[in-house]
Every structure is written in structure tokens, then in C-alpha cells.
Amino acid sequence: MNGISQMWKNISGLWSLIVGLKITGKYFVCPQVTVHYPRKTVDNLSTFRGPVELVASDNDPTKPKCIVCLQCAGACPSGCLTVAAKPAPKPTAEEIKAKKEAEAKGEKVKKAAPKELGTFRYDFTLCSLCGTCVDTCPVGSLQFSSDAYLASRNKEDFVYDLLARLADQAKGIKSGSSQSKE
Amino acid sequence: MNIGPITVPIELVRIMVAILAFSLFIGLNGVILVWLERKVAGHVQRRPGPYEVGPHGLLQPVADALKLIGKQLFIPKGADKILFWAAPILSFLPVFLLLIPMPFGPKLFALDVDLGLLLILAFAGVNVLAICLAGWSSRNKWSLLGAARAVSQCVAYEIPMLLSLLSVAFMEGTLNLTQIVNQQEPWLWNIVYQPLAFIIFFVCAVAETNRCPFDLPEAESELTAGFHTEYSGMAFSMFMLAEYSYIIVVCCVATAVFLGGWHGPFYPGSWWFLGKVYALILVFMWLRWTYPRVRFDQLLNINWKWLLPLSLLNLFVTAFLVKVL
């Protein structure tokens, strides 16, 4: 009996062959899902994690939210971020004197102005898009861009100056170093 | 026929013209089937397939052929030179012989051979020899393993294939393909009387032509490319052309023997024959892109435990019915 039930199992299993043919046959007549790239481009890039870029602050689109805490540069495992503050304006001799006098009097002294971002260099050739910098930033000044179409013959094209990019974006220029050549 | 002082038998002229026509047919089919195969593969996986060269990628196989012609013919160190180059030619040449008795239309055939079916079955075996030689002479373990698989597979699957065709031959009382087609009615084809034989023949045909899911002699994931691992350029394309030609041959045989050849419910003619052949080829491709490759023990089990007993049973029942009715 065991042999016969085994045989029946084999014969009934043939149905799965028809099921397989039905699936591929259905796909054969279904519309294609791929995009013919140079002629068409995809439109669902909002979830794409492209090279990181700076986020503009709420009141000034040319200035980033960045507070130059350097946490992103420290967190980056590949060391592709170079962040530096603008050198603070050197106080003149009179200012120093006035400050010292005020301190001597016991008045409240206005502290130095908050640091301002001077350079934000981002070497995309080293970046592994892990997103640690985006997660680390305490003020949310970094985000993934949606630059999906990156191509260049030049390695230097992928070393971005993100501050200049932000300024371009504020002016309404679609930026991204490799595209800017076109 | 008289050409000047020499007398040439008319059959010879027929054969020469037919061989010329077959060269064209095979070459054209090679191009079309490569394109079709890739298009079918693409659409089954919901992508366009070749698209850039020519309209809908139609010129892609031509570009591929040019590339293959331009490639260096390379022979591995220590390989058997004569057998190595003989194998692709030996694989390709019998195709002409196999097409000679094929009845493409009521009047369209190279020669009306009385033992046409036997001729096809006999010379189809040469391909196995070619594959064996290719694997043996390449001095490569993948090639040798592929050849060993090809031989055991083709030898095994030839038996049920023969038996299933034999049951039709019993019914029709002839091995002449033209007569077999003539004896079928416009709608009542032999497949109606012999459905099991047709299924067995079709499965065996897939195995005989080394097509997926029975493509073990050239299983890419196990044997690199199997018996043609060491072949490059035109030598490889000869194998490929031969493979596609054998698909055409088995589909032609299936059409003539089981599907009524050029008969159709209206306007009987060669177009019916070619239409059925291409429909069968499409089914071949459909199978290829649906099923995964079977294991080698499974492959032989299907043959020895299922197809062979079933085809024997079919043959006995047919013989009995032919005798009684």
C-alpha cells in the first residue's frame, strides 16, 4: 500500500507543475515593472538614501541648522566629514579693555557669539551611507538627499562642499557637483 | 536532369537546394530564437529583455553573432586538437540530415523518405557523440562531467521517446512522415488518440535537447558551462546553433507525428506547420523559465521509473487495440 500511496503522491504532485506554468504565464502577459532608464526615470525617490546634505535652518534658507558640535565628524566610521567653524572675529584692543573693565565691575559680560559653520566638506567616495551622522546630529542638520543619478569620470566631483550646495539650493539651483557641470 | 554532358539525378538537385534552404532556415531561426528566448525570459520576469539594439532589440542577436565571430578560437593546453574541433562540427552537421524527411507542407519537403522517422531518430544520436567528444577532448573536469551526464541522459531518454513514437507508427502503419501527416484528419490529430505518447514524447524531447529543467549537461551553477566550457567564439556558437536546431527538429517531429502537420481546420498549408512548431518552441521556453533544474538522480528516476513503464504500457495497449479493432 505504501508504494501505491507514494505513486499517488507523485502523480498528484504534477499539479504543481501546472501551478508554476500559470504563475509564469500570468507574469508573461503582465505589464513590465522595470523603467527604461535613459528615456524614463523613476519618480519615487523620496525614500532614496543618497549622499547626505545639510538642512537649512528655519528662518534663513542659506544658513544650516548646524551648531558645529563636530559630533557627526567624530561619529563617521569612514572619516568622510570635515567640519570646521568660522574663525571667531578677533576682538579689538578696545573691546578687550571694555570687557575687562566690565568684569572688574562685576557686570554680566556678553559671551562670544555662537560658532558659525565655516567649512563642511563631505567626501562621498569614502561614505558608506550608514547614516550614523544623520542619527548623531543633535539639531537635525543632516539628511539624506535624493540624488540617485550620480556619474562622473572625476573622483573630485564627489567631494562635496555642502555649504556651497546649501547656498545653491537656497538660490533655487539644483545642485550636486556632478550635475552642476551639465 | 541534364547539365551539359553530365546527368544529375533529380534527387541530388532536390537535396542540394534543400540544404541551401535549410542553411538559411537554421541561420535565421538561430537569430530569431535567441532573440525570442531572451524576450520570453524578460517578460516572464517582467522586464523588457533586449531593447536597445534595433527596434525592440531585434538586432541584438546579430550583434552577438558578430561578437562571437570576432572572438579568438582557443584550445586548452593538453586538449585533443582533432577531436576538440571535430565536436562542434559533428554536433551541427546532422541537423541538415534530420530536416531532409521533414514534411513542411503538402508539397514542401526535401525528400519523401520511407523510413523518415527512423532516419531522424538514428541520426539524432550523433549529437550525443559530439557532446561526448567535446567533453572528452577538452581536458577539463567540468566538460568531462557534463559529457558523462549528457550521454547517460540522452541514452536513457531516447528509449521512451522511441517507444512513444513507435505507438503512433503502429497506429499509422508507416514510418514515412509525409504519410503520417496525410493520414491525420484536419482536426482529429494523433494527439487525440495518443495523448500519453505525446506527453512522454514532449518530456523526452526537452531532455534530449538538453533544455531546462533537464539541462544537466551544461548546468551553469554546477559545471560552469558543462561540455562546452572550453569552447569560445564560433565553436561555441556552433553548439548553440545546433541546440536551437535540435529544438526545431523535435518540434517539427512532434508537429508532424502528433499535431497533424500542415493540416488545419481551414487553409491547410505550411503556415499551419510552422505555426505549430513555433507554438511548441514557445512552450519549450515557457518551461525553461518556469521550472528549476532537477537533480541528476531525479532526472534518471523520472525516466526509468515513470516514462519508460508508461510508454511501454502505451505501446502494448496501442498494439492490442490495433490488432483487435
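Throughout, read-outs are computed from the coordinates displayed, never taken from laboratory work. Model, not experiment: these values are computed from the prediction. Cβ sites come from the backbone with ideal geometry, for glycine too, and all protein chains shown count toward neighbours.
Observations on the structure shown:
- If you sort the three axes of the alpha carbon gyration tensor as a ≥ b ≥ c, you get a/c of 1.5 or more for the range B:73-324 and a/b above b/c, which makes it prolate.
- Cβ crowding within 10 Å ranks A:Ser141, A:Ser146 as A:Ser146, A:Ser141, fewest other Cβ atoms first.
- Computed [θ] at 222 nm, deg cm²/dmol, the protein assembly as shown (DSSP H ≥ 4; -39,500 (n - 2.57); rounded to nearest 500): -17000 deg cm²/dmol
- Of all lysines in the structure, those lying under 23 Å Cα to Cα from B:Lys305, and not within fewer than 8 positions of it along the same chain, are A:Lys9.
- Residue exposure sequence - B:Ile82, B:Ile100, B:Ile248 - by fewest surrounding Cβ within 10 Å: B:Ile82, B:Ile100, B:Ile248
- Note on A:Lys100 and A:Asp43: with the Förster distance fixed at 56 Å, the Cβ-Cβ geometry gives a FRET efficiency of about 0.35.
- Longest exposed-site-free window of chain B, the sites being chymotrypsin sites (Phe, Trp or Tyr not before Pro) in a DSSP loop that have at most 10 other C-beta atoms within 10 Å: B:1-186
- Residue by residue, the range A:70-84 carries 3J(HN,Hα) couplings of 6, 5, 5, 4, x, 7, 4, x, 9, x, 9, 9, 10, 10, 8 Hz when phi is fed to the Karplus relation 6.51 cos²θ - 1.76 cosθ + 1.60 (θ = phi - 60°); x denotes Gly or Pro.
- Inter-chain Cβ neighbour average for residues B:285-292, partner chain, 10 Å: 4
- Summing charges over neighbours of B:Thr224, with a neighbour being any other residue whose Cβ is under 10 Å away from its Cβ, gives -3 when K and R count +1 and D and E count -1.
- Pairs from A:Lys65/A:Lys115; B:Lys67/B:Lys141; B:Lys81/B:Lys141 whose Cα-Cα separation, in the structure shown, is over 19 Å: B:Lys67/B:Lys141
- The calculated pair-distance distribution of the range B:242-306 uses every alpha carbon pair, bins of 10 angstrom beginning at 0, and gives 20, 35, 32, 11, 2 percent.
- R0 of 35 Å, Cβ-Cβ distance A:Tyr27-B:Phe320: FRET efficiency to nearest 0.05: 0.20
- A straight line joining the Cα centroids of the range A:45-120 and the range B:55-87 runs 65 Å.
- Here the protein assembly as shown is treated as an ellipsoid with the same Cα gyration tensor; its semi-axes, largest first and in whole Å, are 72, 26, 23.
- Isotropic mean projected area of the C-alpha convex hull, the range B:1-93 (nm²): 10.7
- Whole-angstrom gap from the range B:274-325 to the range B:225-258, using each part's C-alpha centre: 19
- Sorted by Cβ density within 10 Å, fewest first, the residues A:Ser57, B:Ser137, A:Ser16: A:Ser16, A:Ser57, B:Ser137
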